Each structure stands twice: as C-alpha cells, then as structure tokens.
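What follows is a set of notes on a single structure, which appears directly below.
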Amino acid sequence: MGKPYIRKARMQDVKAVHKLLMECSGQGLLLPRPLNQLYGHLREFYVVDPDDGGPIQGCCALAIVWDGLAEVRSLAVDERLRGQGFGRKLVEACLSESLTLGIYKVFTLTYQDSFFRKMGFAEVSKDVLPQKVWADCINCPKFPECDEIAMQIDL
C-alpha cells in the first residue's frame, strides 16, 4: 500500500469528488456542488489519491474568476485524513498553479476561516469580489444572505 499524494483530478474521480463534497456539505463544512457542474470543472481540481486503488480522499479546486483573480473552492478532506496536512497541500497546489498562471490574488468563501488564516489568507469584505457575486453566488440558495466568510491572499 502506497502513501496518499496530491495530483490533478481525472475523469474517473468525478463521482468520488461529488460524494466527498456532499458528505462535507452534510457536516456543514462547505456548500454542495452538483455532479454535472463537477464534470464541467474537472480541470480545476486537485485530489488526494490514496495510492491503493481506492477512491480519492480529498479535493480542492482553483477557479479563475476574472483578470488576475482566482478562487480556491471545494476544499474537502476525508475525515480519516484530517489533521495530517492534506488540506494544506491541496490549497498549496492551487496557489502554486495560480502563480504559474500569473494570477496573484486568490480568494475563498469559507466556513473554515481559522484554517485559511493559518495559510496567510485575510478576511475581506464580499464587496471587493463583485465578479464572484454575479458569476456563481447569484445561483446559490443562500444568496443574498451568504454566511460564508470571504478571505483573500495576495501572492
């Protein structure tokens, strides 16, 4: 049996990513994402591969939102791996890709503000993210009463 590692998502990971996101959503850790949306955004995702043939054990996506602005979203780690640094590694993979793409502002909307604060993100007003509000948030069942915390990091 190998050691779990971070890699880009593959087509066969989509259903496992969806299952993991739904489990974490049920725990109140993040908002759910529809399965059909995951297929369309597969290239944005990194996953934790258990290296034993089992389903992925974590995921995170980097979504390009606007010129010079990206979002870290859909961060989820299987309960059995939490506290082992995989969430941090997934976010670091997204931030590294953001730098590679020349995107130096990255934000997240989260319920896990202490985790992101430890990673260098700082709380910001949602008003500084207008493109986000009209792109995704308008379709959210919680809009306009969003209870997630907006955080940003400048790379």
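Of all the residues in the range 5-30, those that are aromatic (Phe, Trp, Tyr) and either under 13 Å from the mean Cα position of the chain (by Cα) or surrounded by 15 or more Cβ atoms within 10 Å (Cβ to Cβ) (or both) number 0. Taken over the range 111-127, the criterion of being under 17 Å from Ala63 (Cβ atoms) and at pLDDT below 90 is satisfied by Lys126 alone. Against the conditions (1) of a type in the set (A, V, I, L, M, F, W, C); (2) part of a loop (DSSP other than H, G, I, E, B); (3) more than 25 Å from Asp154 (Cα to Cα), Leu31 satisfies every one except (3).
Screening Pro34 on (1) more than 22 Å from Gln12 (Cα to Cα); (2) exposed (fewer than 14 other Cβ atoms within 10 Å of the Cβ) shows it passes everything except condition (1). When Met151 is tested against (1) surrounded by 19 or more Cβ atoms within 10 Å (Cβ to Cβ); (2) in contact with a Lys or Arg (Cβ under 9 Å, 6 or more places away or on another chain); (3) within 26 Å of Lys15 (Cα to Cα); (4) at pLDDT 90 or above, exactly one condition is not met: (3).
To keep it simple, each residue is scored yes or no on (1) under 19 Å from Ser114 (Cβ atoms); (2) in contact with a strand residue (DSSP E or B) (Cβ under 6 Å, 6 or more places away or on another chain); (3) part of a helix (DSSP H, G or I).
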| residue | (1), (2), (3) |
| --- | --- |
| Cys59 | no, yes, no |
| Arg80 | no, no, yes |
| Gly83 | yes, no, no |
| Gly87 | yes, yes, yes |
| Ala93 | no, yes, yes |
| Glu97 | no, yes, yes |
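Every listed requirement among (1) within 16 Å of the chain's Cα centre (by Cα); (2) over 25 Å from Glu23 (Cα atoms); (3) modelled with pLDDT under 95; (4) not polar (S, T, N, Q) is met by Pro130 save one, (1). None of Leu75, Leu62, Leu90 is touching a residue at least 24 places away in the same chain (Cβ under 8 Å), crowded, with 18+ Cβ neighbours inside 10 Å, under 13 Å from the mean Cα position of the chain (by Cα) and farther than 15 Å from Lys8 by Cβ except Leu75.
The values are calculated or read from the model by the stated rules, or taken from the named source; none is laboratory data. Keep in mind that what you see is a predicted model, and the values were worked out from it rather than measured. Note that each Cβ is placed from the backbone with ideal geometry, even for glycine, and that neighbours are counted across all protein chains shown.
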